[in-house]
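S.K.: Let me begin by handing over the structure; questions about it come next.
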Amino acid sequence: MKKILFFILLFSVFQNVSAQLSEKEIDDLVNKTLTAFDVPGIEVGIVKDGKLIHAKGYGLRSLKTKQKVDENTLYGIASNSKAFTAAALGMLIEENKLTWDTPVSDIIPEFKMHDPYVTAQFTVRDLLTHRSGLGLGAGDLMFWPDSNTFTKKEIIHNLRFLKPVSSFRTKYDYDNLMYIVAGEIVTRASGISWEEFIQKRIFDPLEIKNSAPSYHLLKNNTNVIDPHAMVNGKVQVIRRDWSQNANAAGGIYASVSDMSKWMLVLLNKGKYGPNLEKRLFSEKTLDELWTPQTIIPVRNPGTYNTHFNAYGLGWFLSDVKGYKQATHTGGLAGIVTQTTLIPELNLAIMVYTNQQVGAAFNAITNTIKDSYLGIKGIDRLSEQLKRYQDAIKEADQITSEVANSIKTNASDPEANKAIIGTYTDNWFGEAVISKKNGQLYFESKKSLMLNGPVYHLKSNTYVVKWVERSFDADAYLMFTLDKDGKGQSFKMKAISPMTDFSFDFQDLDFNRIP
């Protein structure tokens, strides 16, 4: 009797774990998400037990063209590209071109960090693990927004000017620049560009035909989304923004149909082909990619009863209901995406959206994931919507207070005149504070779209409002004056807590050029 009861219980657990949402339930979920978060178009893919069991587009590619999303519509997958960079390095390591612990300076002699010790110790592995000691998004303004004139050579050179905020290898802080360096390692070790390597060594063998390592390398761009963002209270199409210098950190454009082949090779531990007779990389390499490298603190186990959170090599790693999970998100201006794999369930979930609200993909991914984990009774859409609305409310309150202060505070013409001049930052270059048609104005010399009117807020603090309103990145300018009241230097800080971290204004330190 005990044995019978045991098998009944075991079967019941298996049934819960194996359950999945019906196509109609997924359709209803995604359509509700489109409306709740004001997202024009979403694409969802699910791979289970070696097959692509769901691949579908919802909504519109663009509010301008009104064309519909389908399973082959291409999205910028952004930082989901990092997994390809890590895999590319793993493949080169298998060819004995380098090791995970090869010093970066052995391959890129001009590579230098702020601290000579860190420079000497910095390895290929360190490039992928977000533990460089630099702060969140440090230096991203050298490629974001893409109107800047920095070269890849300049980006690598300027790493030496970025000051650490923590000790080397002691703390997690998400970092894009090191993946740019990692892409250069791929180029120098393989003899071909990162883009060529991804295309020839990964996309071509897996027969990924419509996607490309970069938007500019797409053979056919007739089925591509437009990016969207909230601008002046209304969702609208915004400019496509990405620097080719950062492709190794986030350049790939793909569909869930194409990326299902990438999911399958990961779930099959590097094998692919009709009978899995071919191998892209070894199981040992995949184990390395999915081994925790940098600890990320778990503050609350949450509904998934998560005990550990870490970053591996190109992947976030955690446990959900006792299963290991490998996941990543990606964000470009107006596009956010999410990839989730639970290898023990032979499951992968892809959600791509053309509006920059991450809560939308979380609602979809978590609901689908719950159906496989046997979690019932949690409304993930309502949960994510509340968090998003709370965050928006907080951000709106802060930005409104600043806007009202600007309107009510009188501006001192003499104080305004005192800050006019040209200032420079070691890695970002020159910024000019001038007067145009009676209005203070900020212009970056290297990042051409970072320009806009400057308003006095209080004391020595001013606010710059960017002409490009889709940035949602207006910033404080905090000046230091000399004994005569003349501006000598200034620092910057984003006003809204919703500002994308790649606007790393806090890392800038401008000093007046005499």
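The values are calculated or read from the model by the stated rules, or taken from the named source; none is laboratory data. As the structure is a prediction and not an experimental result, all values here were calculated from the model. Reconstructed Cβ throughout: ideal geometry from the backbone, glycine too, with neighbour counts over all protein chains shown.
S.K.: Does region 265-285 contain any residue that is under 17 Å from THR73 (Cβ atoms), among the β-branched types (Val, Ile, Thr) and not in a loop (DSSP other than H, G, I, E, B)?
M.R.: No, because not a single residue in region 265-285 is under 17 Å from THR73 (Cβ atoms), among the β-branched types (Val, Ile, Thr) and not in a loop (DSSP other than H, G, I, E, B).
S.K.: Looking only at region 382-399, which residues are out of contact with any helix residue (DSSP H, G or I) (no Cβ under 7 Å at 6 or more places or on another chain) and either in the same structural domain as PHE37 (by TED's automatic domain parsing) or not basic (Lys, Arg) (or both)?
M.R.: Within region 382-399, the first condition is being out of contact with any helix residue (DSSP H, G or I) (no Cβ under 7 Å at 6 or more places or on another chain), and the residues that meet it are 382-383, 386, 389-399.
Scanning region 382-399 gives SER382, GLU383, GLN389, ASP390, ALA391, ILE392, GLU394, ALA395, ASP396, GLN397, ILE398, THR399.
S.K.: Separate question: Out of (1) crowded, with 19+ Cβ neighbours inside 10 Å; (2) at pLDDT below 95, the odd one out for TRP262 is which?
M.R.: Condition not satisfied by TRP262: (2).
S.K.: So, in region 406-423, of the ones that are within 33 Å of the chain's Cα centre (by Cα) and closer than 17 Å to ALA475 by Cα, which residue ends up modelled with the highest pLDDT?
M.R.: Within region 406-423, the first condition is being within 33 Å of the chain's Cα centre (by Cα), and the residues that meet it are 406, 422-423.
Next cut, closer than 17 Å to ALA475 by Cα only: 406, 423.
Values: ILE406: 90, TYR423: 98.
It comes out as TYR423.
S.K.: Do we find that GLY452 is crowded, with 19+ Cβ neighbours inside 10 Å and of a type outside the set (A, V, I, L, M) in this structure?
M.R.: Spelling it out, GLY452 is indeed crowded, with 19+ Cβ neighbours inside 10 Å and of a type outside the set (A, V, I, L, M).
S.K.: A further question on this structure: Filter region 1-55 down to residues that are at pLDDT below 50 and closer than 24 Å to GLN389 by Cβ, then give me how many there are.
M.R.: Residues that pass the stated criteria total 0.
S.K.: Return the only residue of GLY135, GLY183, GLY191, GLY139 being without any contact (Cβ under 8 Å) to a residue 12 or more places away in the chain and either more than 30 Å from PRO297 (Cβ to Cβ) or not hydroxyl-bearing (Ser, Thr, Tyr) (or both).
M.R.: Every option except GLY191 fails the conditions.
S.K.: Looking at region 197-224, which of the residues that are part of a loop (DSSP other than H, G, I, E, B) and among the β-branched types (Val, Ile, Thr) is nearest to ILE77 (Cα to Cα)?
M.R.: ILE208
S.K.: Could you say whether any residue in region 213-235 is of a type in the set (D, E, K, R), touching a helix residue (DSSP H, G or I) at 6+ places or on another chain (Cβ under 9 Å) and either surrounded by fewer than 24 Cβ atoms within 10 Å (Cβ to Cβ) or within 20 Å of GLY90 (Cβ to Cβ) (or both)? Before the answer, list the steps.
M.R.: Keep residues of region 213-235 that are of a type in the set (D, E, K, R), which gives 219, 226, 234.
When the remaining residues are screened for being touching a helix residue (DSSP H, G or I) at 6+ places or on another chain (Cβ under 9 Å), the result is none.
Among the residues of region 213-235, not one is of a type in the set (D, E, K, R), touching a helix residue (DSSP H, G or I) at 6+ places or on another chain (Cβ under 9 Å) and either surrounded by fewer than 24 Cβ atoms within 10 Å (Cβ to Cβ) or within 20 Å of GLY90 (Cβ to Cβ) (or both), which makes the answer no.
S.K.: Could you say whether any residue in region 317-328 is free of Cβ contacts under 8 Å to residues at least 60 places away in the same chain, in a loop (DSSP other than H, G, I, E, B) and assigned by TED's automatic domain parsing to the domain that holds ILE46?
M.R.: Yes, because at least one residue in region 317-328 is free of Cβ contacts under 8 Å to residues at least 60 places away in the same chain, in a loop (DSSP other than H, G, I, E, B) and assigned by TED's automatic domain parsing to the domain that holds ILE46.
S.K.: State yes or no: is GLY485 under 16 Å from SER411 (Cα atoms) and small (Gly, Ala, Ser)?
M.R.: yes
S.K.: Please enumerate the residues belonging to region 464-482 that are surrounded by 21 or more Cβ atoms within 10 Å (Cβ to Cβ), out of contact with any Gly (no Cβ under 7 Å at 6 or more places or on another chain) and assigned to a strand (DSSP E or B).
M.R.: Those that are surrounded by 21 or more Cβ atoms within 10 Å (Cβ to Cβ), out of contact with any Gly (no Cβ under 7 Å at 6 or more places or on another chain) and assigned to a strand (DSSP E or B): ALA475, LEU477.
S.K.: Same structure again: Tell me, which helices (runs of 4 or more DSSP H) wholly within region 74-191 include 3 or more residues that are modelled with pLDDT of 95 or more and not assigned by TED's automatic domain parsing to the domain that holds THR291?
M.R.: By residue number, 152-158.
S.K.: Taking the condition within 16 Å of GLN506 (Cα to Cα) and β-branched (Val, Ile, Thr), does THR480 pass? Spell out how you get there, then give the answer.
M.R.: On the way: within 16 Å of GLN506 (Cα to Cα): yes; β-branched (Val, Ile, Thr): yes.
Answer is yes for this residue.
S.K.: Still on this model: Could you name every one of the helices (runs of 4 or more DSSP H) located completely within region 339-447 that has at least 2 residues being out of contact with any His (no Cβ under 8 Å at 6 or more places or on another chain) and within 30 Å of LEU21 (Cα to Cα)?
M.R.: 358-373, 380-408
S.K.: So, of the residues in region 483-514 that are under 21 Å from the mean Cα position of the chain (by Cα) and without any contact (Cβ under 8 Å) to a residue 60 or more places away in the chain, which turns out to be surrounded by the fewest Cβ atoms within 10 Å (Cβ to Cβ)?
M.R.: LYS493
S.K.: Looking only at region 421-436, which residues are touching a residue at least 24 places away in the same chain (Cβ under 8 Å) and among the hydrophobic types (A, V, I, L, M, F, W, C)?
M.R.: Matches in region 421-436: TRP427, PHE428, ALA431, ILE433.
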